[in-house]
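The values are calculated or read from the model by the stated rules, or taken from the named source; none is laboratory data. None of these values were measured; they are calculated from a predicted model. So basically every Cβ, Gly included, is an ideal-geometry build from the backbone, and we count neighbours across all protein chains shown. Ligands, DNA and RNA are excluded from the accessible area calculation, which covers all protein heavy atoms including side chains. Shrake-Rupley method; radii C 1.70, N 1.55, O 1.52, S 1.80 Å.
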Amino acid sequence: MANIFDYIAWRGDLRFDFRPFNELDGLVLCRMSYLPCDNILGEAPMSLPELADALSAHPETEERLIRPDDIRLLKAAAESERFRGMLVCNYVNQIELETQTQFSALCYILEDGRRFVAFRGTDTTLVGWKEDFNMSFLSAVPAQTRAVSYAVEMASLCPALPLRIGGHSKGGNLAAWAAIYLPAELQKDRLLSAYNNDGPGFARDMLDTPGGR
């Protein structure tokens, strides 16, 4: 069965100005949100090749990987014509035991200046799993609220351009939540798309609200 490595090998030579951004591109970027970028990536933009070199040189990267093939995926993207011109920035990784919050996200800057906000799914921490359980019965969890504010922050950094958001697993839920609760003007005028890759659903009381319908 084909996977995202096959997609990069098959279409990695086609720039976005020749083949526009699509949902598989979004999936590649969402998958790379699982990379352990702590103390490597912050607000300052890095190119994908720079990030690949920095992570490969970091002595703790291998043991901190959530998904074993993530470095290989980053290198494949960084070497492709399609992805290597992107920048990545504004990495956050918030783990709070007291509030049972696990939130991580980063932002890609495409060559046309548009941004893609990627929300990470559940990590390997106990806090992350507790928050997952909380999502099954609470109207909102802290990561969902933080996803909205993070998306608004990233949109404010490119005020004249549209943006996309996405995530995988819990990150997909966060992307959908953020898309629903973005300020109306931002949602209507600038949000191009929101990609929910295999994310869980929402509590019934949220679905019964006007925003959730």
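On the stretch given as the stretch 1-27, residues that are in contact with a helix residue (DSSP H, G or I) (Cβ under 9 Å, 6 or more places away or on another chain), without any contact (Cβ under 8 Å) to a residue 40 or more places away in the chain and not in a loop (DSSP other than H, G, I, E, B) total 2. For the residues Ala57, Ala77, the requirement of being more than 26 Å from Gly199 (Cα to Cα) and small (Gly, Ala, Ser) singles out Ala57.
Looking at the structure I just gave you, is Val92 in contact with a Phe, Trp or Tyr (Cβ under 8 Å, 6 or more places away or on another chain), of a type in the set (Val, Ile, Thr) and within 27 Å of Leu14 (Cα to Cα)? So Val92 fails the test. How many residues are of a type outside the set (Gly, Ala, Ser), under 21 Å from Tyr91 (Cβ atoms), open to solvent by less than 50 Å² (accessible area, probe 1.4 Å) and in contact (Cβ under 8 Å) with a residue 40 or more places away in the chain if we restrict to the stretch 148-196? Residues flagged as of a type outside the set (Gly, Ala, Ser), under 21 Å from Tyr91 (Cβ atoms), open to solvent by less than 50 Å² (accessible area, probe 1.4 Å) and in contact (Cβ under 8 Å) with a residue 40 or more places away in the chain within the stretch 148-196 amount to 10. Does Asn90 satisfy the criteria of being without any contact (Cβ under 8 Å) to a residue 12 or more places away in the chain, under 26 Å from Asp198 (Cβ atoms) and not aliphatic (A, V, I, L, M)? In short, no.
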